[in-house]
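Right, one structure below, let's go through it.
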């Protein structure tokens, strides 16, 4: 008998794999470095475009994910539960320039690319996969969208924190 007890870590791992595969020339996230969770403090310092999956460097003590579960129906003797959860994400844009609007637009473009990768499915010919390969019923980019901008020694940068929210089913088989 196998039981799935939680989808947060599975969703996180799927997102890392999917988004890193798109961080190649010609991909939706070309030129973006995709990190799996927190990295050493200097890891993103000189990178122009960064996407964190399961972490927000501007809120480092924030949880990387969260889920709530409930029983969808009792006809299966409690072997099935539905889960509604999220994985924390963050995008950063920096170029050494001090024009804040450039960096806000750059961070917004990274978030938009993630959204595109979650729209549609393989059968409809959409650009992405809202079911995360069948792992969940649906997943989408949601807020709260939190924004930071700051001047640093070598320019300016902007960050956008957001979430990938999902709804899935846990089954004992």
Per the filter on segment 131-171, residues out of contact with any strand residue (DSSP E or B) (no Cβ under 8 Å at 6 or more places or on another chain) and not in a strand (DSSP E or B) are 133, 134, 153, 154
Can you name the residue in segment 101-148 that is on the phi > 0 side of the Ramachandran plot and touching a residue at least 24 places away in the same chain (Cβ under 8 Å) and, of all such residues, is surrounded by the fewest Cβ atoms within 10 Å (Cβ to Cβ)? 133
Being crowded, with 16+ Cβ neighbours inside 10 Å and either modelled with pLDDT under 90 or within 15 Å of residue 162 (Cβ to Cβ) (or both) narrows 8, 53 down to just 53
Within segment 97-122, considering residues that are assigned to a loop (DSSP other than H, G, I, E, B) and within 21 Å of residue 142 (Cβ to Cβ), the one modelled with the highest pLDDT: 118
Name the residues in segment 18-68 that are touching a residue at least 60 places away in the same chain (Cβ under 8 Å), touching a strand residue (DSSP E or B) at 6+ places or on another chain (Cβ under 8 Å), in a loop (DSSP other than H, G, I, E, B) and under 21 Å from residue 113 (Cβ atoms), would you? 29, 32, 56, 57, 58
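Evaluate segment 71-86: report whether one residue or more is closer than 23 Å to residue 157 by Cβ, modelled with pLDDT of 90 or more and outside any helix (DSSP H, G or I).
At the first step, the residues of segment 71-86 found to be closer than 23 Å to residue 157 by Cβ are none.
Scanning segment 71-86 turns up no residue that is closer than 23 Å to residue 157 by Cβ, modelled with pLDDT of 90 or more and outside any helix (DSSP H, G or I).
The values are calculated or read from the model by the stated rules, or taken from the named source; none is laboratory data. If you're wondering where the values come from, they're calculated on a predicted model, not measured in any experiment. Here Cβ is always computed from backbone atoms with ideal geometry, including for glycine, and neighbour counts include all displayed protein chains.
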